[in-house]
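Notes to accompany the following structure.
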Amino acid sequence: ELARMTAIATGLTAPIMVIGGFGGTGKTWLASQWAHEHMADFPDGQFYVNLRGFDPVDEPITPLAALRGFLEALAVPSSAIPTHVAGCAALYRSLVAGKRMLVLIDNARGADQVLPLLPGGDTCTVLVTSRHQLTGLLAAHGAHLIALDVFDTSDARGYLVRALGADRVAAEPAAVDGLLRHCAGLPLALAII
């Protein structure tokens, strides 16, 4: 997946990549890892916002709140920040125009939460994570879907070998089989274990 993301980012101007999959498949890890590995590709900076689209406790972040956060990060005085989404989006797009930046939008519930946060132009790269495929972004904005799923048994076992060491995994095959069964291939569960 990391190699595919790099190929997409290398081959396109202003790519939008949607990393989709259900909870625990490693969407945020993948986006963060790719962003970290490619930090030098974005000399004008990186934005990150957790939209909390699937948070069981807190309300999702509105596009207006996310845009205000971006504008504050761009050193816009609070008195100069518009009070409506369209005004904030226009100011944000004008300030990042021509800049090479990465915008990482995490935990989006739907395309409507993401659309105002797209920087426009052809110099920024956007990574979006969601439990939904956000087909609106795929169809209308040419976004590329990076679909994540659970590990198969072989990949899950390989993950445990890398984390715990081959000798330890080989020493307790029954315990490892139980862990693999209970984790059901979820990368997050395996990482916690």
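The values are calculated or read from the model by the stated rules, or taken from the named source; none is laboratory data. Predicted model, so just to flag it, every value in this text is computed and none were measured. Here the Cβ is made from the backbone with ideal geometry for all residues, glycine too, and neighbour counts use every protein chain on show. When the accessible area is computed, the model is the full protein with side chains, heavy atoms only, and any ligands, DNA or RNA have been set aside. Shrake-Rupley method; radii C 1.70, N 1.55, O 1.52, S 1.80 Å.
Would you say Leu2 is within 28 Å of Val150 (Cα to Cα), in contact (Cβ under 8 Å) with a residue 60 or more places away in the chain and either surrounded by fewer than 18 Cβ atoms within 10 Å (Cβ to Cβ) or not polar (S, T, N, Q) (or both)? No; evaluated as a whole, the condition is false for this residue. Figure legend. Inter-residue proximity from the range 62-79: first residues in contact (Cβ under 8 Å) with a residue 12 or more places away in the chain, second residues part of a helix (DSSP H, G or I) and open to solvent by 50 Å² or more (accessible area, probe 1.4 Å), beta-carbon distance below 6 Å, spacing 6+ or different chains. Indicated pairs: Pro63/Val85; Leu64/Val85; Leu74/Leu95.
Would you confirm whether or not the range 123-135 contains a residue that is under 19 Å from Trp29 (Cα atoms), touching a Gly at 6+ places or on another chain (Cβ under 8 Å), surrounded by fewer than 22 Cβ atoms within 10 Å (Cβ to Cβ) and small (Gly, Ala, Ser)? No, that holds for no residue. Quick one: which helices (runs of 4 or more DSSP H) lie wholly within the range 134-188 and hold at least 1 residues that are under 30 Å from Ala9 (Cα atoms)? In the range 134-188, 135-141, 153-164 are the helices (runs of 4 or more DSSP H) which contain 1 or more residues that are under 30 Å from Ala9 (Cα atoms). Within the range 39-62, being within 24 Å of Gly98 (Cα to Cα) and open to solvent by less than 30 Å² (accessible area, probe 1.4 Å) holds for Phe42, Gly45, Phe47, Val49.
Scanning the range 91-98 turns up no residue that is part of a loop (DSSP other than H, G, I, E, B) and touching a residue at least 40 places away in the same chain (Cβ under 8 Å).
Looking only at the range 150-166, filter to residues that are surrounded by 12 or more Cβ atoms within 10 Å (Cβ to Cβ) and charged (D, E, K, R); which one of those is farthest from Lys27 (Cα to Cα)? Here the residue is Arg157. The lone criterion from (1) more than 17 Å from Val103 (Cβ to Cβ); (2) among the hydroxyl-bearing types (Ser, Thr, Tyr); (3) part of a strand (DSSP E or B) left unmet by Thr10 is number (3).
Criterion applied to Gly142, Gly185 was being at positive phi, in contact (Cβ under 8 Å) with a residue 40 or more places away in the chain and open to solvent by less than 50 Å² (accessible area, probe 1.4 Å), and the one residue passing it is Gly142. When restricted to residues that are open to solvent by 50 Å² or more (accessible area, probe 1.4 Å), assigned to a helix (DSSP H, G or I), under 21 Å from Val114 (Cα atoms) and out of contact with any helix residue (DSSP H, G or I) (no Cβ under 6 Å at 6 or more places or on another chain), the range 68-87 contains 4. Could we say that Asp55 is out of contact with any Leu (no Cβ under 9 Å at 6 or more places or on another chain), modelled with pLDDT under 95 and part of a helix (DSSP H, G or I) here? Spelling it out, it is not the case that Asp55 is out of contact with any Leu (no Cβ under 9 Å at 6 or more places or on another chain), modelled with pLDDT under 95 and part of a helix (DSSP H, G or I).
Of all residues in the range 21-52, those satisfying the criterion of being of a type in the set (Gly, Ala, Ser), within 23 Å of Ile192 (Cβ to Cβ) and part of a loop (DSSP other than H, G, I, E, B) are Gly21, Gly23, Gly24, Gly26.
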